[in-house]
Structures are given as C-alpha cells and as structure tokens.
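Notes follow the structure.
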Amino acid sequence: MKTTAMKIPLLYLLALLFGAPTGIGAQVDIEIEADPIAYAFNGFSLHAAKIFGSVRANVGTFGIDVPGAYHGNDGWSSTMRGAGVKVDYLGSSLDGFFVGVEGGYMRNTYTLAAGGEAAERNIIGVGVRGGYRLPLGRSGLYVAPWLGVGYNFDGDDVEVSGEKFDRRPITVFPTVHLGWRF
C-alpha cells in the first residue's frame, strides 16, 4: 500500500507535466536535455521538459562522481545520484535569460579513501537558478549555461572511522546543459 501511495503523486506529476491540456492557442514545446559535465565525471544526466507559454517545467535524473576540488575534503570521494524538478520563467522568448526554482532528492555516498569505509545520506534540496538559453541554429538545439544556489536539508557533517567529511548545507552549482526542442 505504501509503495502505491508513493507512486500516485509521481504519476500525477508526470501526467500534469506531459499530458495536461494547455488551452487554446498556447505555445507548447517539449525538450530533452543533458548535462555533459556529469558525463565527464563518470555520471549521467537526462531531463525532459514541457513549455507552457513563458513557463518551463522540467523533470530529470542525474548522477556524478563529485570532484574533490568541488567538495574540498581531502582523503574522501563522494558520489551523488538523484532526481529533481525545475520550474523556470522564460519571459517573452524561449531563448535568452531565465530564472527559476528547483527541488530534488539525492542519495549521496561519502567514502573515506583510507580503508574504503562509506556513509550514505538521503538529501532533499531546494534552490533558485538562473541562466541563459542560446539557440544553435534553427535545428531546435540549444545550449544553456546556468547557476544554481541551493539549500540541502540534512546538512550535517558525515563521520566515518573518526574522520569527518565537512558538508555544506548551501551549495553553488554552475553547469551547462545541451538540449533539443521539438
């Protein structure tokens, strides 16, 4: 029963995002995009979005082996896997500047290099983001560099074998997405 109850909100969200009527004369576009930086760091990224006039709703999944220079904890490795939702205001054009909000769930693993012991955390995060969408010709392809600032709940430090991984509850996340609007 609990599993079914959890699936209903997800199914409702997907139906709302990809199957909801948009009204007469409303512009509707669907997009698929990915973050090539995630793939460069042994991860993955796939997002699907629907545009309703000047609002873009996006659901996606992602993962990355977090670079040590980013997390700043010597002697540790960290991986992140998760899913999220983003809603952006695009203004009067599908291209150009945008601002939005985002929320997501992440399963992070923190591994101490000495001994290989690990700890995992389930994290809920919320944030704001802004960026710029630049079309690549008339093919529907685009590039979208953006910057997110978020707050991660359960921001406590992680401890394994007496060693501490210093977690920051506030994160700054710069990236670039490549996408296709069809």
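Numbers below:
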read-out: The lone exception for Ser45 - which of (1) small (Gly, Ala, Ser); (2) modelled with pLDDT under 95; (3) within 11 Å of the chain's Cα centre (by Cα) it fails; value: (2)
read-out: Every residue from region 144-182 that is assigned to a strand (DSSP E or B) and hydroxyl-bearing (Ser, Thr, Tyr); value: Tyr151, Thr171, Thr175
read-out: Criterion (buried (at least 19 other Cβ atoms within 10 Å of the Cβ) and either among the β-branched types (Val, Ile, Thr) or at pLDDT 95 or above (or both)) met by exactly one of Tyr132, Tyr110; value: Tyr110
read-out: Out of Val149, Val158, Val101, Val126, sole residue that is farther than 27 Å from Ala48 by Cβ and among the hydrophobic types (A, V, I, L, M, F, W, C); value: Val158
read-out: Which listed residue is touching a Leu at 6+ places or on another chain (Cβ under 9 Å) and either free of Cβ contacts under 8 Å to residues at least 12 places away in the same chain or aliphatic (A, V, I, L, M) (or both), from Leu136, Leu147; value: Leu136
read-out: Restricting region 85-104 to residues that are assigned to a strand (DSSP E or B), within 20 Å of Pro145 (Cβ to Cβ) and without any contact (Cβ under 8 Å) to a residue 40 or more places away in the chain, the residue that is nearest to the chain's Cα centre (by Cα); value: Gly104
read-out: Any hit, region 107-118, residues being part of a strand (DSSP E or B) and on the phi > 0 side of the Ramachandran plot; value: no
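Conditions tested, residue by residue: (1) surrounded by 15 or more Cβ atoms within 10 Å (Cβ to Cβ); (2) farther than 30 Å from Val160 by Cα; (3) modelled with pLDDT of 95 or more; (4) in contact with a Pro (Cβ under 7 Å, 6 or more places away or on another chain).
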| site | (1), (2), (3), (4) |
| --- | --- |
| Asn58 | yes, yes, yes, no |
| Gly68 | no, no, no, no |
| Asn73 | yes, no, no, no |
| Met80 | yes, no, yes, no |
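The values are calculated or read from the model by the stated rules, or taken from the named source; none is laboratory data. Treat the numbers as computed from the prediction; the structure is a model and nothing was measured. Here Cβ is always computed from backbone atoms with ideal geometry, including for glycine, and neighbour counts include all displayed protein chains.
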